[in-house]
Amino acid sequence: MIPAIRIAGVTKRFRSLQALAGVDLEVAQGEFFGLLGPNGAGKTTLISSLAGLARPDSGTLEVMGHDVVKDYRAARLALGVVPQELVFDPFFSVREMLKIQSGYFGIRNNDDWIDEILHHLDLTGKAGANMRMLSGGMKRRALVAQALVHRPPVIVLDEPTAGVDVELRQGLWQFIRKLNQDGHTIVLTTHYLEEAETLCGRIAMLKAGRVVALDTTANLLQRFASHTLRVSLAEPITLAGPLAGKLLRAEGNTLEFGFDAFDEVADLLAGVRTCGGKVMDMVLGKPDMEQVFVGIMNQN
Amino acid sequence: MEGFKTLLYKECLRFWKVGFQTVLSPVLNAVLYLLIFGHVLEDHVQPYPGVSYTAFLVPGLVMMTVLQNAFANSSSSLIQSKITGNIVFVLLPPISYREFYAAYVLAAVLRATLCGIGVLLVSLPLTELHFAAPGWIIAFTLMGGAFLGSLGVIAGIWADKFDQLAAFQNFLIMPLTMLSGVFYSIHSLPAVWQGVSHFNPFFFMIDGFRYGFFGVSDVSPWTSFGVVSVCFVVLAAITLQMLARGYKLRA
């Protein structure tokens with residue numbers, strides 16, 4: 001099957017900054033794919049190159065088998081992009097804007113689908129409102145609606161939940177999940193790592209314009225993260241022996257240890273006691289994407 | 001084609017929604033010029049035999065309004081979209097750079113024509129006008145509007161802030177328009193300034209347009225149309241090249 005997205009050897013330089021330094025990536029149709037990385041890693045440049053907003057210096061990008069430069073019309077028809085910036089056209093209402101956006105993609109009489117999108121994004125009541133009158137969360141959902149007017153098989157969301165409250169965020173993810181279940185390929189960039197962990201089946205991590213990790217979410221968690229034991233002590237202690245090797249983090253009187261199996265917890269607590277530590281509080285934590293992210297970024 | 005039509009519709013809807021600013025204000029400005037200059041100079045200046053100064057002034061003001069508003073439409077729309085970031089909504093869809101250019105320029109021509117018709121209609125009760133060669137009136141309106149609409153696309157893409165666009169408008173468009181013979185016939189100028197005027201393409205637009213009313217002009221309308229057409233083709237080629245390269249639009 002043709003991959004939803006194929007990126008091969010893409011480089012892009014902005015003056016002295018190497019934004020993309022040879023990116024190779026494939027996303028299969030129907031995937032919920034995460035693209036993670038620190039600020040300046042190249043995520044938005046990669047998305048912009050895919051969407052035709054930036055022109056790579058070398059390499060090729062395809063959406064549903066269509067080259068984004070040579071066959072840009074077909075590629076853009078297959079792609080819906082929710083931009084990172086909260087942009088809107090202050091001249092138009094939500095419905096006008098969606099009708100105009102439909103026309104840009106060659107679609108007339110798109111009202112039924114527009115109504116459906118507005119309903120799912122809880123914007124029906126705001127269809128006639130000018131874009132300026134919407135709250136930040138509503139503007140964000142309107143951006144999602146704009147990206148969906150032409151029913152693209154591939155949807156790219158560039159930090160869609162930045163500045164969106166919890167309730168709206170959950171509603172948004174419910175809708176995006178439904179789109180994914182309906183067969184749309186979703187590519188997500190986010191700084192909320194727990195979102196990526198919950199939603200994405202596969203994740204790529206970018207650093208300094210390169211892919212430094214690419215695997216299923218489950219494999220990444222297994223390889224790079226462990227369970228954690230966080231203990232708060234009455235007094236600071238000096239760790240000795242194997243206990244020191246298990247320490248992940250120390251902040252004042254609070255220590256965080258990593259372990260793979262729960263029967264290690266008793267040994268860790270015993271070790272703390274042996275070192276003279278008096279445990280005032282403790283919390284167990286599951287492996288999470290933050291550990292994976294920090295671990296991979298520090299490795300590279 | 002649907003993308004082009006929608007972009008054209010959007011651009012027209014955009015200026016129509018702020019019609020007080022984009023259509024009525026320019027008409028009022030031009031009529032004020034007509035009333036004031038006409039009142040002061042009507043009995044002192046007769047640019048062509050048998051043509052009153054107020055009648056002479058009307059085509060100049062109509063064309064000035066056409067030119068300034070064609071430029072304003074494409075340039076302000078583009079810079080606003082760039083600064084607010086909503087230009088991405090036009091860049092993400094499958095719209096070619098030629099469709100992009102055609103939509104912005106045609107919308108500029110339409111607004112310019114609307115403003116020009118407005119000035120003409122308001123002027124009709126104020127003076128006696130003739131329409132000696134309506135074909136030239138239409139031809140110069142379209143060509144002049146397209147020329148300035150194209151220049152507006154260049155300015156809107158090039159400018160990174162409103163200040164730069166204002167400089168383009170106030171230091172280039174405004175002087176070229178004012179010094180193009182809107183308010184006078186270049187035959188009233190010293191020889192050297194007559195010569196200089198021939199390097200101003202705006203002069204040919206206004207002179208040719210005026211021929212359409214009176215059947216009299218400083219230069220043959222064919223020459224004027226030739227000059228304006230060549231200027232437009234050169235400018236269109238430059239603009240299309242900028243758009244094809246994605247200059248300041250696609251990083």
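Scan A:Leu20, A:Leu53, A:Leu35 and give me the residue that is surrounded by fewer than 23 Cβ atoms within 10 Å (Cβ to Cβ), closer than 29 Å to B:Ser96 by Cβ, within 21 Å of the chain's Cα centre (by Cα) and among the hydrophobic types (A, V, I, L, M, F, W, C). Give the steps one after another, and end with the answer.
Values: A:Leu20 fails: surrounded by fewer than 23 Cβ atoms within 10 Å (Cβ to Cβ); A:Leu35 fails: surrounded by fewer than 23 Cβ atoms within 10 Å (Cβ to Cβ).
Of A:Leu20, A:Leu53, A:Leu35, the one residue that is surrounded by fewer than 23 Cβ atoms within 10 Å (Cβ to Cβ), closer than 29 Å to B:Ser96 by Cβ, within 21 Å of the chain's Cα centre (by Cα) and among the hydrophobic types (A, V, I, L, M, F, W, C) is A:Leu53.
Listed residues B:Ala103, B:Ala139; which is over 11 Å from the mean Cα position of the chain (by Cα), within 21 Å of B:Asn69 (Cβ to Cβ) and within 14 Å of chain A (Cβ to nearest Cβ)?
Result of the check over B:Ala103, B:Ala139: B:Ala103.
Just the residues that are within 19 Å of A:Val63 (Cβ to Cβ) and in a helix (DSSP H, G or I), please, taken from the range B:91-119.
Just the residues of the range B:91-119 that are within 19 Å of A:Val63 (Cβ to Cβ), to begin with: B:91-96.
Within the range B:91-119, just B:Leu91 meets the criteria.
I need the full set of residues from the range A:224-253 which are free of Cβ contacts under 8 Å to residues at least 40 places away in the same chain and not in a strand (DSSP E or B), in order please.
Answer for the range A:224-253, where residues must be free of Cβ contacts under 8 Å to residues at least 40 places away in the same chain and not in a strand (DSSP E or B): A:Pro236, A:Thr238, A:Leu239, A:Ala240, A:Gly241, A:Pro242, A:Leu243, A:Ala244, A:Gly245, A:Lys246, A:Gly252, A:Asn253.
Of everything in the range A:102-111, what is modelled with pLDDT under 95 and in a helix (DSSP H, G or I)? Give them in sequence order.
If the condition is that a residue be modelled with pLDDT under 95 and in a helix (DSSP H, G or I), then A:Asp111 is the only one that fits.
Is it the case that the range A:239-248 has a residue that's under 30 Å from A:Leu206 (Cα atoms), exposed (fewer than 12 other Cβ atoms within 10 Å of the Cβ) and not assigned by TED's automatic domain parsing to the domain that holds A:Ile203? Steps first, please.
Pass one, the range A:239-248, residues under 30 Å from A:Leu206 (Cα atoms): A:245-248.
Going one step further and asking which of them are exposed (fewer than 12 other Cβ atoms within 10 Å of the Cβ), we end up with A:245.
Then keep just the ones that are not assigned by TED's automatic domain parsing to the domain that holds A:Ile203; that gives A:245.
Checked against the condition, which is being under 30 Å from A:Leu206 (Cα atoms), exposed (fewer than 12 other Cβ atoms within 10 Å of the Cβ) and not assigned by TED's automatic domain parsing to the domain that holds A:Ile203, the range A:239-248 yields at least one hit.
For the range A:56-91, which residues satisfy the criterion of being β-branched (Val, Ile, Thr), within 14 Å of B:Gly85 (Cβ to Cβ) and surrounded by fewer than 18 Cβ atoms within 10 Å (Cβ to Cβ)?
Listed by number, the list holds a single entry, A:Val87.
Among all residue pairs at least 6 apart or on different chains, which show Cβ distances below 7 Å where the first residue, located in the range A:56-73, is over 15 Å from A:Lys12 (Cα atoms) and the second is part of a loop (DSSP other than H, G, I, E, B) and of a type in the set (Val, Ile, Thr)?
Partner pairs satisfying both residue conditions: A:Glu62/A:Val68; A:Met64/A:Ile2; A:Gly65/A:Ile2.
Just checking, does the range A:267-288 include any residue being within 22 Å of A:Tyr192 (Cα to Cα) and out of contact with any strand residue (DSSP E or B) (no Cβ under 7 Å at 6 or more places or on another chain)?
There is at least one residue in the range A:267-288 that is within 22 Å of A:Tyr192 (Cα to Cα) and out of contact with any strand residue (DSSP E or B) (no Cβ under 7 Å at 6 or more places or on another chain).
Restricting to the range A:260-289, what's the tally of residues that are modelled with pLDDT under 85, touching a helix residue (DSSP H, G or I) at 6+ places or on another chain (Cβ under 7 Å) and either not in a loop (DSSP other than H, G, I, E, B) or not charged (D, E, K, R) (or both)?
Selection size over the range A:260-289: 2.
Pull up the range A:86-103, narrow it to residues that are without any contact (Cβ under 8 Å) to a residue 24 or more places away in the chain and closer than 23 Å to A:His184 by Cβ, then point me to the one that is nearest to the other protein chains (Cβ to nearest Cβ).
Per the criteria, the residue is A:Gly103.
From the list B:Leu114, B:Leu91, B:Leu142, which one is over 30 Å from B:Gly226 (Cβ atoms) and at pLDDT 95 or above?
From the options B:Leu114, B:Leu91, B:Leu142, the qualifying one is B:Leu91.
Can you pull out the residues in the range B:81-90 that are surrounded by 16 or more Cβ atoms within 10 Å (Cβ to Cβ), free of Cβ contacts under 8 Å to residues at least 40 places away in the same chain and not in a helix (DSSP H, G or I)?
Of everything in the range B:81-90, just one residue is surrounded by 16 or more Cβ atoms within 10 Å (Cβ to Cβ), free of Cβ contacts under 8 Å to residues at least 40 places away in the same chain and not in a helix (DSSP H, G or I), namely B:Asn86.
Just wondering, is there one or more residues in the range A:23-30 that are surrounded by fewer than 19 Cβ atoms within 10 Å (Cβ to Cβ), of a type in the set (A, V, I, L, M, F, W, C) and either more than 11 Å from chain B (Cβ to nearest Cβ) or touching a strand residue (DSSP E or B) at 6+ places or on another chain (Cβ under 8 Å) (or both)?
yes
Restricting attention to the range A:104-132, which residues are more than 8 Å from every other protein chain (Cβ to nearest Cβ), farther than 18 Å from A:Leu172 by Cβ and of a type in the set (Lys, Arg)?
Of everything in the range A:104-132, just one residue is more than 8 Å from every other protein chain (Cβ to nearest Cβ), farther than 18 Å from A:Leu172 by Cβ and of a type in the set (Lys, Arg), namely A:Arg132.
Scan the range B:2-25 and give yes if some residue there is within 14 Å of another protein chain (Cβ to nearest Cβ), more than 21 Å from B:Lys248 (Cα to Cα), among the acidic types (Asp, Glu) and surrounded by fewer than 20 Cβ atoms within 10 Å (Cβ to Cβ), otherwise no.
yes
Filter the range B:214-247 for residues that are surrounded by fewer than 16 Cβ atoms within 10 Å (Cβ to Cβ) and either within 30 Å of A:Leu50 (Cα to Cα) or among the basic types (Lys, Arg) (or both) and give the result.
Hits for the range B:214-247 are B:Ala237, B:Ile238, B:Gln241, B:Ala244, B:Arg245, B:Tyr247.
The values are calculated or read from the model by the stated rules, or taken from the named source; none is laboratory data. Being a predicted model, the structure only gives us computed values, none of them experimental. Counting neighbours? That spans all protein chains shown, and the Cβs are built from the backbone with ideal geometry, glycine included.
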